[in-house]
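Undergrad: Can you read through this structure? Questions will come right after.
The values are calculated or read from the model by the stated rules, or taken from the named source; none is laboratory data. Quick caveat: nothing in here was measured; it's all calculated off a predicted structure. As a convention, Cβ positions derive from the backbone with ideal geometry for all residues, glycine included, and neighbour counts pool all protein chains shown. With ligands, DNA and RNA removed, areas are computed over all heavy atoms of the protein, side chains included. Shrake-Rupley method; radii C 1.70, N 1.55, O 1.52, S 1.80 Å.
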Amino acid sequence: MSELFQEEVTWFADILLPVPIAKLFTYRVPRHLSQEVQIGSRVIVEFGRGRVLTGVVGKIHENPPQGYPAKYITEVLDPAPIVTETQLWLFQWIADYYMCAVGEVFQVALPSGLKVTSESRMEWNPNFDRPDRLEEAEQPLVQALQEKPFLTYPEAQQLVPAGQLNALLKALVAKQAIILYEEVKERYSPKKVRKLRLASVYTQVQAAMELLDQLNKHPKQQAVLHAILQEIGIHRLSDGQEGIPKADFLARHDLSKSALQTLVDKGILESYEAIIPRFPKPTQEDTSEVGLTSAQAIAYTEILGHFQEKDVVLLHGITGSGKTEVYIRLIQEVLASGAQVLFMLPEIALTTQIVTRLQKVFGTSVGVYHSKFSDNERVEVYRQVLNDELSFVVGVRSSIFLPFSRLGLIIVDEEHETSYKQFDPAPRYHARDVAIMMAHKLGAKVVLGSATPSLESYQQGLQGKYGLVSLTERYGEAKLPRIQLVDMRAERKNKTIKNDFSSVFLDQIRLNLAGGGQTLIFQNRRGYAPYIQCEVCQWIQECPRCAVSMTYHLRSQELVCHYCGHTDKPPRKCPACASSQVKTAGVGTEKIEDDLQVFFPSARIQRMDLDTTRSRHAYQTMLHEFEQGAVDILVGTQMISKGLDFDLVRLVGIFDADRMIHFPDFRAAERAFQMLTQVAGRAGRRSNEGLVLIQTKNPNHPLLKKVVEHDYLGFFDQEIQERQAFHYPPFTRVIELTIKHPDFLLAEKMAERLARALKGILGDQRVLGPEKGLIEKIRNKFIFVLWVKLEKDRAQIQLAKQSIQEQMDDVLQDRAFRQGQIIVDVDAY
Ligand code: ADP
Ligand code: ZN
Ligand code: ZN
């Protein structure tokens, strides 16, 4: 062997793969790719037999793996890394903190459009009409795709020379000849619009003017062409120009449609389908500065002041105080300094109104990142952030995984919202807490905003760890609404209840209708009735797979399990006693909608819940109709409780407060207070005074009293004492362990063994349970729960997590529990 050859180093790369195994996988770097394989590069590797996965390079080194020969990396997908070192650091932090595999973090972090797996498929685009644009090298794929309905990634790999597939696919996608999608995911269906543009031979000024002359004899066609040239701007003609939406064009001008068609037929105009973004960008930026009110200006200045010493500020602003205006001013400031901004929202439902507001101010420079967007759109935002083409992103919890590099500010709006916590699957992370970590890493500041801050955040504020700033009055003339409790026991005694509606409720709705105001009715249960029951023997229809009653849905005439989705036809007769007295019981949103329509036949009633908002634009459409005043009463679940800002809502009715308060969970009181205050906050957001009615059987409950008095601080003081007395967060950290097994006894045994082991190590007082799950069985698995409570000491928590992991592994390795499962949820919500 020559000296030279011996010196050549063989490189290995540790690859992060989207699999739930807590390690990176070592692959060999082929010589010809040694330049391209960098930390953060996206690569394709074979994983197991015939399985193709996309991974990201986490580490490059010279150490071959022990005990097995490393496979080669198959391909490098991009010319430059696609994951930053900060992201790699953050993924690992999340994996360690939330006790999951780093591959699981990677799995949710990268938009699936950036992942190529063996499930990825490609399909011929039936609307593709430019075969002249296809290249020779693309032919094998093109032919195969025209013969078969789709190809998988490995199939496509067989058809083209090694290492070329990715470039070919990219080109075909760019030409819109093929569609790439994930088999398991919703199919990508681009939103299209027909557009017009001038054929490229006429896109020189000279040629266009000559053409216009030639059409002298055809005045109608000339008029069309004239209008087109005017809209494009004759000096902006160029090949590859942006087309003009045809329908809008025709609507703006009084032109002959047939003349337009003739121009298309003659090849002068091209009519084509274009994919348009979901969120149409407003053409006009609203540069008019909103003046902050003096209270808002003070809050703004205080926030900047705190930022001199603190990284996080909590903005506690009552509903309608104009937190958004304060955010906007901060964002302007940070963007002007050249840094990036991330604005986080708890969920899709909230985005519509706020995004519209932000786009009015920031125009096209806002990127929107959320889960109802298609893969392609998310990939677009991801890449724009990576390439530093986008400085401002509004997004839901997963936007925390975007590849920011110059981040200056993260705003977490409605920071108390539970949807910032991912429940299932792993990583079970809390996006607010991850945001604070990431900001710290990148030297950015954080504003947490809420009318009802989480106990955790408010406590940090009081202790001076976060800056604490408050806005205590509503914007303009608006006052906080008057909140009134409706005593359902008294109404029952007086026999004034109709179909679970109190007389107070019905009277106020009637009054509000007569006065032209809008009403929101909140009931956090969808469907018609939460259960059906035999009146003779009390039998209740339960889900065969879960220990819960099945909800009756009137529209679809079905019983549905809200935990596993199982459906059934409602029985005609009681299966237990054969009586035909099987009745619905309890009240869901469908029933409220129906009852109200009977009470108020001429009212325009709309329902907003999971069932009516499944389609992609339903939510937006409904909000729009409501805003336009086309709806008098909106009935809904928690979807209507947040963020909505409507002028005409004078009355808010909360149908049943009791169920919220009596939920057996240490956070139940906090959640109930937040939910009630937020729903109430939708009323009277303009000058008219608003009224909120809450139906309850416990009008003396202390929590309800605090809600009525708009007394967050009073609530906080009361609740924080309870938390301290019982050693709950924010005084401790809670790790929840959920044990599942298809056999009840084995589930119980598993849970007991784990509990015993952990109590032995951590002490009896730190381990609670096991208890049966709140719902004992879901999807045919029995559930037991354990809670580990740990004092807030980082080193101790780290050790405890290690022990928990070891004990879990130990239990799961026991063959007796083969079918068992243990789920860890750190900082469970
Ligand atoms: P919050 O998020 O605190 O509940 P919003 O930011 O939605 O409140 O503001 C409530 C309403 O008051 C919105 O319609 C908003 O446009 C209006 N508003 C608040 N501050 C101002 C301001 N300084 N100038 C004009 N309108 C404002
Ligand atoms: Zn019966
Ligand atoms: Zn079920």
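Undergrad: Does the stretch 308-339 hold any residues that are open to solvent by less than 30 Å² (accessible area, probe 1.4 Å) and more than 16 Å from ligand 1 (Cβ to nearest atom), and which are they?
TA: Across the stretch 308-339, the qualifying residues are Val312, Val334, Ala339.
Undergrad: Going by what's in this entry, would Ile509 be described as in a strand (DSSP E or B) and modelled with pLDDT of 95 or more?
TA: When the stated conditions are applied, Ile509 does not pass them.
Undergrad: Going through the stretch 359-382 one residue at a time, which ones are closer than 23 Å to Arg616 by Cβ and part of a helix (DSSP H, G or I)?
TA: Gln359, Lys360, Thr364, Asp375, Asn376, Glu377, Arg378, Val379, Glu380, Val381, Tyr382
Undergrad: Now a separate question. From the list Leu402, Leu409, exactly one residue is closer than 21 Å to Ser337 by Cβ, out of contact with any Phe, Trp or Tyr (no Cβ under 7 Å at 6 or more places or on another chain) and buried (at least 21 other Cβ atoms within 10 Å of the Cβ). Which is it?
TA: Leu409
Undergrad: Now a separate question. Within the stretch 732-742, does at least one residue satisfy the condition of being closer than 25 Å to Thr418 by Cβ, in a helix (DSSP H, G or I) and open to solvent by less than 10 Å² (accessible area, probe 1.4 Å)?
TA: For the stretch 732-742, residues closer than 25 Å to Thr418 by Cβ, in a helix (DSSP H, G or I) and open to solvent by less than 10 Å² (accessible area, probe 1.4 Å): absent.
Let's see how each residue does on (1) at pLDDT 95 or above; (2) out of contact with any Leu (no Cβ under 7 Å at 6 or more places or on another chain); (3) farther than 30 Å from Leu180 by Cβ; (4) open to solvent by 10 Å² or more (accessible area, probe 1.4 Å):
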| position | (1), (2), (3), (4) |
| --- | --- |
| Val379 | no, no, no, yes |
| Arg397 | no, yes, no, yes |
| Glu417 | no, yes, yes, yes |
| Tyr466 | yes, no, yes, yes |
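Undergrad: Next question. Name every residue in the stretch 263-280 that is modelled with pLDDT under 60 and loosely packed, with under 12 Cβ neighbours inside 10 Å, in order of residue number.
TA: Pro280
Undergrad: With the requirement that a residue be part of a loop (DSSP other than H, G, I, E, B), at negative phi and either at pLDDT 80 or above or surrounded by 15 or more Cβ atoms within 10 Å (Cβ to Cβ) (or both), what does the stretch 164-203 give you?
TA: Residues satisfying the conditions are Gln164, Lys175, Ala177, Tyr188, Pro190, Ala199, Thr203.
Undergrad: Consider His701 against the criteria (1) of a type outside the set (A, V, I, L, M, F, W, C); (2) surrounded by fewer than 21 Cβ atoms within 10 Å (Cβ to Cβ); (3) under 22 Å from Ala603 (Cα atoms): it satisfies all of them except one. Which criterion is unmet?
TA: Condition not satisfied by His701: (3).
Undergrad: Could you check how many residues of the stretch 454-486 are among the charged types (D, E, K, R) and touching a strand residue (DSSP E or B) at 6+ places or on another chain (Cβ under 7 Å)?
TA: So the answer is 1.
Undergrad: Would you pick out the residues in the stretch 614-648 that are open to solvent by less than 20 Å² (accessible area, probe 1.4 Å) and in contact with a Phe, Trp or Tyr (Cβ under 9 Å, 6 or more places away or on another chain)?
TA: Result: Leu623, Phe626, Ile633, Leu634, Val635, Gly636, Thr637, Ile640, Ser641, Leu644, Phe646.
Undergrad: For the stretch 661-690, how many residues meet the condition of being in contact with a Lys or Arg (Cβ under 7 Å, 6 or more places away or on another chain) and either free of Cβ contacts under 8 Å to residues at least 40 places away in the same chain or of a type in the set (A, V, I, L, M) (or both)?
TA: So the count comes out to 1.
Undergrad: Residues being surrounded by fewer than 20 Cβ atoms within 10 Å (Cβ to Cβ), in a loop (DSSP other than H, G, I, E, B) and more than 10 Å from ligand 3 (Cβ to nearest atom): count how many of those fall in the stretch 538-553.
TA: Total meeting the criteria: 2.
Undergrad: Additional query: Given the condition over 29 Å from Ile605 (Cα atoms), more than 16 Å from ligand 1 (Cβ to nearest atom) and out of contact with any His (no Cβ under 9 Å at 6 or more places or on another chain), answer yes or no: does some residue in the stretch 544-564 qualify?
TA: Yes, there is a match, as at least one residue in the stretch 544-564 is over 29 Å from Ile605 (Cα atoms), more than 16 Å from ligand 1 (Cβ to nearest atom) and out of contact with any His (no Cβ under 9 Å at 6 or more places or on another chain).
Undergrad: Follow-up question, since we're still on this one. Of the numbered conditions (1) surrounded by 15 or more Cβ atoms within 10 Å (Cβ to Cβ); (2) free of Cβ contacts under 8 Å to residues at least 12 places away in the same chain, Tyr563 satisfies every one except a single condition; which is it?
TA: (2) is the only condition that Tyr563 fails.
Undergrad: Output the residues belonging to the stretch 764-787 that are open to solvent by less than 20 Å² (accessible area, probe 1.4 Å) and either more than 16 Å from ligand 3 (Cβ to nearest atom) or closer than 21 Å to Leu799 by Cα (or both).
TA: Val767, Phe784, Val785, Leu786
Undergrad: Return the pair list, or none, for Cβ contacts closer than 7 Å from residues in the stretch 530-559 that are touching a residue at least 12 places away in the same chain (Cβ under 8 Å) and closer than 13 Å to Asp611 by Cβ to residues that are within 16 Å of ligand 2 (Cβ to nearest atom) and part of a loop (DSSP other than H, G, I, E, B), at least 6 apart or on different chains.
TA: As it stands, the answer is Tyr552/Pro570, since those pairs meet every condition given.
Undergrad: For Glu776, indicate whether it is within 21 Å of Pro427 (Cβ to Cβ), assigned to a strand (DSSP E or B) and charged (D, E, K, R).
TA: Against the criterion (within 21 Å of Pro427 (Cβ to Cβ), assigned to a strand (DSSP E or B) and charged (D, E, K, R)), Glu776 does not qualify.
Undergrad: If you don't mind, there's one more thing I want to ask. If you go through the stretch 204-221, how many residues are within 15 Å of Gly233 (Cβ to Cβ) and part of a helix (DSSP H, G or I)?
TA: 4
Undergrad: Let me ask something additional. Considering Ser580, Ser602, Ser556, which residue is part of a loop (DSSP other than H, G, I, E, B), open to solvent by 60 Å² or more (accessible area, probe 1.4 Å) and more than 16 Å from ligand 2 (Cβ to nearest atom)?
TA: Sole residue among the options that is part of a loop (DSSP other than H, G, I, E, B), open to solvent by 60 Å² or more (accessible area, probe 1.4 Å) and more than 16 Å from ligand 2 (Cβ to nearest atom): Ser602.
Undergrad: For the stretch 473-483, indicate whether the set of residues that are surrounded by fewer than 22 Cβ atoms within 10 Å (Cβ to Cβ), under 25 Å from Ala828 (Cα atoms) and not charged (D, E, K, R) is non-empty.
TA: No: zero hits.
Undergrad: While we're here: Quick check on my filter: what residues within the stretch 652-666 are open to solvent by 10 Å² or more (accessible area, probe 1.4 Å) and of a type outside the set (Phe, Trp, Tyr)?
TA: Result: Asp656, Asp658, Arg659, Met660, Ile661, His662, Pro664, Asp665.
Undergrad: Also, quick follow-up: Taking Tyr528, is it aromatic (Phe, Trp, Tyr), away from ligand 1 (no atom under 16 Å from the Cβ), touching an Asp or Glu at 6+ places or on another chain (Cβ under 7 Å) and within 28 Å of Gln674 (Cα to Cα)?
TA: yes
Undergrad: Give the number of residues within the stretch 583-599 that are more than 33 Å from the chain's Cα centre (by Cα) and in a loop (DSSP other than H, G, I, E, B).
TA: 0
Undergrad: So, in the stretch 493-537, of the ones that are surrounded by fewer than 19 Cβ atoms within 10 Å (Cβ to Cβ) and farther than 27 Å from Arg607 by Cα, which residue ends up farthest from ligand 2 (Cβ to nearest atom)?
TA: Checked the stretch 493-537; the qualifying residue farthest from ligand 2 (Cβ to nearest atom) is Asn494.
Undergrad: If you don't mind, there's one more thing I want to ask. Go through Glu85, Glu75, Glu123, Glu62 for me and flag whichever is crowded, with 20+ Cβ neighbours inside 10 Å, touching a residue at least 40 places away in the same chain (Cβ under 8 Å) and charged (D, E, K, R).
TA: Answer to the check: Glu75.
Undergrad: Pairs under 6 Å by beta carbon, first residue of a type in the set (S, T, N, Q) in the stretch 633-648, partner in a loop (DSSP other than H, G, I, E, B) and away from ligand 2 (no atom under 16 Å from the Cβ), six or more apart or different chains?
TA: Thr637/Asn524; Thr637/Arg526; Thr637/Asp609; Gln638/Asn524
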